[in-house]
Amino acid sequence: AVVGTSYAIFLLPDLPGLSILRLFRAFRVIRVFRRVPSLARMMAGIGRTVPVTVHPFMILGLLAAAWAIIGVTFFRQSMPQQFGTFAEAMFTMWESITGFWGGTCREIVF
């Protein structure tokens, strides 16, 4: 089926929808996870830890949103590029969370 699809795409390049079938070849990698026990065990472990780590990220997002609202309220006039809108303030909070906060901090302090 995979080889036939490849030939069809090669012979009929203008036929709509055939290029989408190429994407299904990428999903063959998933079968490797089932066949190799150590990879299957690793993927099962990752699958069990994702729900546990979602809650701290949600709390972090809520805290960042609260600080972004405070930032828009206090710094909208003096720093419109960082805190002009809620979206800009959230991006500034994202920079703060990830460690790229030097420029913003310097502008606030000085």
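The values are calculated or read from the model by the stated rules, or taken from the named source; none is laboratory data. Every value quoted in this text rests on a predicted model; they were computed, and no experiment measured them. Neighbour counts are summed over all protein chains in view; Cβ atoms, including those assigned to glycine, are modelled from backbone coordinates with ideal geometry. When the accessible area is computed, the model is the full protein with side chains, heavy atoms only, and any ligands, DNA or RNA have been set aside. Shrake-Rupley method; radii C 1.70, N 1.55, O 1.52, S 1.80 Å.
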Q. What FRET efficiency would be calculated for the residue pair ILE69, PHE100, taking the C-beta separation as r and a Förster radius of 25 Å, to the nearest 0.05?
A. 0.75
Q. Which ³J(HN,Hα) values in Hz, rounded to whole numbers, follow from the phi angles of region 53-68 under the Karplus curve 6.51 cos²θ - 1.76 cosθ + 1.60, where θ = phi - 60° and Gly and Pro get x?
A. 8, 5, 4, x, 5, 5, 5, 4, x, 5, 5, 5, 5, 5, 5, 5
Q) Tell me, what % of the accessible area of region 45-106 is carbon and sulfur with a 1.4 angstrom probe? A) 75
